[in-house]
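To start, the structure under review is shown below, and the notes come after it.
The values are calculated or read from the model by the stated rules, or taken from the named source; none is laboratory data. Remember, it's a predicted structure, so these values are computed and weren't measured experimentally. Counting neighbours? That spans all protein chains shown, and the Cβs are built from the backbone with ideal geometry, glycine included. Ligands, DNA and RNA are stripped out before the accessible areas are found, and what is left, the full protein with its side chains, is counted by its heavy atoms. Shrake-Rupley method; radii C 1.70, N 1.55, O 1.52, S 1.80 Å.
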Amino acid sequence: MQKIKFKVESLRKIPNPYGIFMDDTKRKAPEMIFAIVDIRELPDNIPTKTNPREQNMRTKVAGRIKDGLLSEHSPFFILNRGILLSAQDVKFDNANSELTIFIEDETVHGNVDGGHTYKTILDYRDSLGADTKQYARIEILTGIEDIFEDVAAARNTSVQVQDKAIAELKQKFNMIKEAIESESFKDNIAYRENEDKDIDVADILTLLYMFNLEKHDNREKMAVSAYSSKQTCVKDYTTAYDKYEKENNVENNPYYKMKNVMTDIFKLYDLIETSMARKYREVNNGGMYGRVKGVEVPKSETKFKSKFYKKNMEHRTPKGFLYPIVGAFRALLAEKDGVYYWKADPMEYFEEIGKNLVGDTVERSRTLGNNPNAVGKDTGTWKQLYNNVLTQYLLNQAE
């Protein structure tokens, strides 16, 4: 357990409207703490692995942050949106105005947003005049381990939104639109910023990224970034589009090659999402899936709906479980004559071995501290499930 201790000028804890616990499982509710910190007191050892965006300090945004920090006449903590941290716990010593942040797992604890601000402060705070005071606004969230990826994605949207908006403007999503033209969810996808639609095109790109055989062409290359970084998946799609468009060779774009199996990928996701509880019961002699850490149960009679085809569900499964299972079926995908095809029906294979995939995934979560987020990031889990599907395919071929 890492302890990071520093002085603060002021601090306020915001009560969670849900109370101490989120639900009857006694899962502690996330807490929110705001602090104002003298930039010279800000520690230089806050983990940054949790920030999904690399810090490019040559951008105009980084330049504006630097200018604001070094300005003697502007209150930096007001003009800058600040730094968001995730922590296992916090303690405040009121007598000494000293805050301690407890970091237990650097995959979910550390700097979540404001990485450019943090690096700018560390790089340039010594450049301030001795009499110049600047402060930073720090927001700390505790208890978000189960929803960490959602928080990180929600707070790190600016670049992602820009990439999506430009891609839509340049009609780069047309190949996807054509592939799903006959699907019921085709009008429920948000391709632009602030569209009131249930499905974000970035979520579609994360699924397609798992089946990009140019990027993941063997059993060692796992598409873990599909879970950990939506921006990576958006970037991969737009980069591939630009590359093959420039070469006037769109047929070699791996996403173009995917057009014949694209709707199958969404149907497979829906099948897995709606079948998790059923497969869990098969492998656990009727065990209660709703008691698995991270799985949600409706608080009212209103049922959950599946992502794409809006089927009723009694449970909502964390993406940390779903993504490695979906990605495992890349083992059944191959390329022939410039297009992707299934060597075997992935839906049939899920019905055949789905209980094993679900059972292994939940068990892996337990070994990782009942942490679905850790499962989604665990390359070993992705490999194990992929090999499970591949092994079953080879066995079936040998019969």
Between the stretch 272-308 and the stretch 349-399, what is the C-alpha centre distance in whole Å? 17
Peptides ranked, highest mean first, by Cβ atoms within 10 Å: ranges 341-354, 75-88: 75-88, 341-354
Pull out a ≥ b ≥ c, the square roots of the eigenvalues of the alpha-carbon gyration tensor of the stretch 331-383, then state rounded if a/c is under 1.5, prolate if not and a/b is larger than b/c, and oblate in the remaining case. oblate
Using alpha-carbon pairs under 8 Å, 6+ residues apart, how would you state the relative contact order of the chain in percent? 14
Under 17 Å between alpha carbons, and skipping anything fewer than 8 positions from Lys119 in its own chain: which lysines qualify? Lys49, Lys60, Lys66
Carbon and sulfur together cover what percent of the accessible area of the chain at a 1.4 Å probe radius? 45
Compute the acute angle (0 to 90°) between the alpha-carbon long axis of helix 346-367 and the principal axis of greatest extent of the alpha-carbon atoms of the chain; round to the nearest 10°. 30
For an R0 of 35 angstrom, estimate the FRET efficiency from the Cβ-Cβ distance between Leu395 and Tyr309 and round to the nearest 0.05. 0.70
Give the residue list of GluC sites (Glu not before Pro) in the stretch 227-303 that are DSSP loop and have at most 15 other beta-carbon atoms within 10 angstrom. Glu247, Glu301
With an 8 Å Cα cut-off and a minimum separation of 6 or more residues, compute the relative contact order for the stretch 40-109 in percent. 29
Quick one: divide the alpha-carbon radius of gyration of the chain by 2.2 N^0.38 Å and tell me what you get. 1.08
Quick tally, 1.4 Å probe accessible area for Lys221, Lys5, sorted with the most first, runs Lys5, Lys221
If you average the sequence gap of Cα pairs under 8 Å that are 6 or more apart and divide by the length of the stretch 304-370, what percent do you get for the contact order? 22
I'd like the orientation of helix 230-246 relative to the chain: the angle between its Cα long axis and the longest Cα principal axis, in ° from 0 to 90, rounded to 10. 60
Sort the stretch 29-76 into rounded, prolate or oblate with this rule: let a ≥ b ≥ c be the square roots of the eigenvalues of the Cα gyration tensor; rounded if a/c is under 1.5, and if a/c is not under 1.5, prolate when a/b is larger than b/c, oblate otherwise. oblate
Looking at the square roots a ≥ b ≥ c of the eigenvalues of the Cα gyration tensor of the stretch 241-297, which shape do they give, rounded for a/c under 1.5, prolate if a/b is larger than b/c, or oblate? prolate
Long-range amide H partners of Ala190 with built H, under 5 Å: Ile199, Asp200, Val201
How much area per residue is accessible in the chain when the probe is 1.4 Å and only protein heavy atoms are counted (Å²)? 50
Report the percentage of all Cα-Cα pairs in the stretch 95-142 whose separation exceeds 13 Å, rounded to a whole percent. 70
Under 5 Å, built H, 5+ apart or other chain: amide partners of Asp113: Leu84
So how compact is the stretch 242-399: Cα radius of gyration and Dmax in angstrom? 17.2, 55
Taking only protein heavy atoms and a 1.4 Å probe, the highest-to-lowest accessible-area order of Arg125, Arg281 is Arg281, Arg125
Unit charges on C-beta of K, R, D, E only; dipole of the chain, Debye: 360
What whole number of Å gives the distance from the Cα centroid of the stretch 104-157 to the Cα centroid of the stretch 227-270? 32
The Kirkwood hydrodynamic radius of the stretch 1-150, taken as the inverse of the mean 1/r over all distinct Cα pairs, in Å, comes to 16.2
Measuring from the longest principal axis of the C-alpha atoms of the chain, the long axis of helix 262-283 (C-alpha) lies at a number of degrees, nearest 10, equal to 90
